[in-house]
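One structure is given below, encoded as structure tokens.
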Amino acid sequence: MTDPIADMLIRLENSQAVNKMTVDIPFSEIKYRIAKVLESENFVELVSQKGKDSQKIIRVNLKYKDDKPGIIKTKRISKPGKRTYIANKEIKPIRGGYGISVISTPKGVMSNKEAKSAGLGGEVLFEIY
């Protein structure tokens, strides 16, 4: 069984490692929502959908500051074989506030900061910094 979210994270990390400006990711609704969270939290520059139906992709414009990548490291937390959930009270800052965790809540995919302020918990998908 493959893990499409882990595949997405690896594509992002590898593309930044070789200083690419954009990366294309096969489309799925959850991956698109994750990419939008990364855009709103300033880890990537721009996220857009391209193509139609089965040819649909997510195009991510990567972000660099002083030739340093916007994404340094990602860590998958909840995996297909072992789901990891967190209550609102247990949500803590990642890397002293420099990173975020992406959480799938009943109200949609959001960062740990958004989930904490909305009073929601959920499945912790991954951490990024």
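The values are calculated or read from the model by the stated rules, or taken from the named source; none is laboratory data. All of these numbers come straight from a predicted model, not from anything done at the bench. Because the Cβ atoms are built from the backbone with ideal geometry, glycine has one as well, and the counts that use them run over all protein chains shown.
Couple of notes before you dig in:
- Within segment 91-101, none of the residues are in contact (Cβ under 8 Å) with a residue 40 or more places away in the chain, surrounded by 12 or more Cβ atoms within 10 Å (Cβ to Cβ) and either among the charged types (D, E, K, R) or assigned to a loop (DSSP other than H, G, I, E, B) (or both).
- Of the residues making up segment 45-68, those that are surrounded by 19 or more Cβ atoms within 10 Å (Cβ to Cβ) and within 14 Å of ASN19 (Cβ to Cβ) number 1.
- Near pairs, Cβ below 6 angstrom, 6+ apart or cross-chain, from segment 105-128 (under 16 Å from ARG76 (Cβ atoms)) to any residue that is surrounded by fewer than 20 Cβ atoms within 10 Å (Cβ to Cβ) and among the aromatic types (Phe, Trp, Tyr): GLU123/TYR85
- Out of LYS63, LYS68, LYS52, sole residue that is of a type outside the set (Asp, Glu), over 18 Å from ILE5 (Cβ atoms), without any contact (Cβ under 8 Å) to a residue 24 or more places away in the chain and touching a Phe, Trp or Tyr at 6+ places or on another chain (Cβ under 8 Å): LYS63
- Residues (within 14 Å of ILE10 (Cα to Cα) and not β-branched (Val, Ile, Thr)) located in segment 59-68: LEU62
- Looking only at segment 17-35, and only at residues there that are modelled with pLDDT of 95 or more and assigned to a helix (DSSP H, G or I), the one that is nearest to ASP53 (Cα to Cα): GLU29
- Residue that is nearest to PHE126 (Cα to Cα), among those in segment 1-44 that are among the small types (Gly, Ala, Ser) and surrounded by fewer than 19 Cβ atoms within 10 Å (Cβ to Cβ): ALA6
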